[in-house]
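To keep things clear, I will list the structure first and then write my remarks on it.
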Amino acid sequence: MNKKYHKHFCLLLLVMLLTCCKPGDTTEKASSNSGYNISAIYFRGDGTSYIPIDCQSMQLAFEKYDYTDTILLDSMDISFLKEMPKSLLTSKKTEIIDNRVMLIDNDTSRIWVTLYDEVINESGYIIKVSPENIYRLKSLIGYYNYWDMEALKMENLIEKFGIPKSYKYNKNYSMKKRLIPYCKVLLTTE
């Protein structure tokens, strides 16, 4: 190869390396939630018609029931759900064990939401989560879709933050209620 072509080849190779390998490339960061799945299980109902249960019973239901729905979320919502168990802990361990209404499993940890909108980690400690984030959690997993408009109006979080944009009342709920009292949802980015 003569010197002229060698010089142009090296220059072309250098330009390709500089344009392809930028420092701080965010491609890997953007795709870190790609294909990540989170599961949620909760009692179907309007917030008043079900009996809260203990975490062991909720775990058994989680293992027993198949998914009833799949919800596609964007990477920001998946990140929000992944990070929630890492929220600040209180020094208070919950004494009440039979008021769980929801279980969220993100493959590395589980959290429960109680009838009174407290978030509990696997060790039984209350996690500090704002009412707005609890509302967001419930909205993302479709929790309110089993509540009719009358029941929604009586819910404190709905009263404070409004009806979720994704709300769609599931009219077929009453027929399935006796057969499958739970709703198990797969949350994914795929």
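The values are calculated or read from the model by the stated rules, or taken from the named source; none is laboratory data. Because the structure is a prediction, the values reported are computed rather than measured. Heads up, the Cβs are rebuilt from the backbone with ideal geometry, glycines too, and the neighbour counts pull from every protein chain shown. Each accessible area value is taken on the protein alone, full model and side chains, heavy atoms only, with ligands, DNA and RNA left out. Shrake-Rupley method; radii C 1.70, N 1.55, O 1.52, S 1.80 Å.
Taken residue by residue, region 173-185 has at least one member that is under 15 Å from residue 40 (Cβ atoms) and at pLDDT 90 or above. Restricting the search to helices (runs of 4 or more DSSP H) fully inside region 3-86 and requiring at least 1 residues that are open to solvent by less than 100 Å² (accessible area, probe 1.4 Å) and modelled with pLDDT of 85 or more gives 55-64, 75-83. Every listed requirement among (1) closer than 17 Å to residue 186 by Cβ; (2) within 15 Å of the chain's Cα centre (by Cα); (3) open to solvent by 80 Å² or more (accessible area, probe 1.4 Å); (4) basic (Lys, Arg) is met by residue 110 save one, (3). Within the bounds of region 168-182, is there any residue that is within 22 Å of residue 64 (Cβ to Cβ), assigned to a strand (DSSP E or B) and of a type outside the set (A, V, I, L, M)? Within region 168-182 (the criterion being within 22 Å of residue 64 (Cβ to Cβ), assigned to a strand (DSSP E or B) and of a type outside the set (A, V, I, L, M)), the answer is yes, since at least one residue qualifies. Checked across region 154-161, the condition of being crowded, with 20+ Cβ neighbours inside 10 Å, under 20 Å from residue 187 (Cα atoms) and free of Cβ contacts under 8 Å to residues at least 40 places away in the same chain holds for no residue.
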